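Quick note: the coordinates plus some simple rules give every number you see, no bench work behind them. Because the structure is a prediction, the values reported are computed rather than measured. Because the Cβ atoms are built from the backbone with ideal geometry, glycine has one as well, and the counts that use them run over all protein chains shown.
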């Protein structure tokens, strides 16, 4: 796949559709490679007349891994957050937002529909608020504002996310991945065992194991300040999609995101949690596809 030099790092990306069509930029979440965006979803948007770009965030996949920044102490960062003590993060979500806009610049793309999932939704929110010239519209999926008063992840969901595999072996990592995705997966749109194993194996086999990169991304989330105030400045059309059954980022996060963005459209999907199963592709394609098409046609969210 091609690479671009952007914001001082190398970013691996993939493009679907025609170069001259309006662009949809897909930003994946914590520890997720770009390949977690389903190909069927990307091709479905391309068939609707969009150029779709997915990419590996810094510290994941085949983009630059910032090993020189070391491995942060995640438990210590979380304890300091809860006690109100300051702590240093290797980098911030704002840096990752600049990665996204710098990639667009490197590819000669003036602006795009910015679509982010989970941590990627947080990054997308920052792009829309702080880089409006790069933003045609915003779609925030299964994400939140970072408002400290909102309900937090269920303990079993956080444990699934943070518990390391029994060893660094391929099979133990596959087993841990399947267990985690079963905990945070959508009860109304479940993945089959074969689908889940194939997806996790693909992710594991694509690049070497780098838990330090995951830790650096996680601390960037922990260090982020709530985005409610900056979201009030967003002027582009915005869509917020959230699963009613999300145990990792409870639905209140999506509601707060939509309430913070003037004129934002909120779509809550029953039975959806925190994943991208084959069964969910038509749901994502329906809502995201209709939204960006409507924005191109009318310049409005609804």
Checklist entry - In percent, how large is the relative contact order of the chain, given Cα pairs closer than 8 Å and 6 or more residues apart? => result 21
Checklist outcome for this item: Per its Cα gyration tensor (rounded if a/c is under 1.5, else prolate when a/b beats b/c, else oblate), segment 60-183 is best filed as prolate
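Does the chain come out rounded, prolate or oblate, given a ≥ b ≥ c as the square roots of the eigenvalues of its C-alpha gyration tensor, rounded meaning a/c under 1.5 and, failing that, prolate meaning a/b above b/c?
Taking the square roots of the gyration eigenvalues as a ≥ b ≥ c, the chain is rounded.
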Checklist entry - In nanometres, what is the gap between the two model label sites at residue 92 and residue 233, each 7 Å from Cα along Cα-to-Cβ? => result 1.2
Item to check | Per-peptide average of other Cβ atoms within 10 Å, ordering 264-274, 112-122 highest first | outcome: 112-122, 264-274
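Highest first, please rank the peptides 68-80, 279-291 by the mean number of other Cβ atoms sitting within 10 Å of their residues.
279-291, 68-80
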Item to check | Three-way shape call for segment 121-175 based on the alpha-carbon gyration tensor, with the a/c threshold at 1.5 | outcome: oblate
Checklist entry - Ordered by packing density, taken as the mean number of other Cβ atoms within 10 Å over each peptide's residues, highest first, how do 202-210, 31-39, 15-23 rank? => result 31-39, 15-23, 202-210
Checklist entry - Can you give the extra length, in nm with one decimal, that the chain gains between residue 79 and residue 286 once fully stretched, where that is 0.36 nm per residue apart less the Cα-Cα distance? => result 70.5 nm
Checklist entry - When DSSP assigns beta bridges and you keep just the ones with both residues in the chain, what percent turn out antiparallel, to the nearest 5? => result 25
Item to check | segment 180-244 and segment 43-120: distance between their alpha carbon centers, rounded to Å | outcome: 11
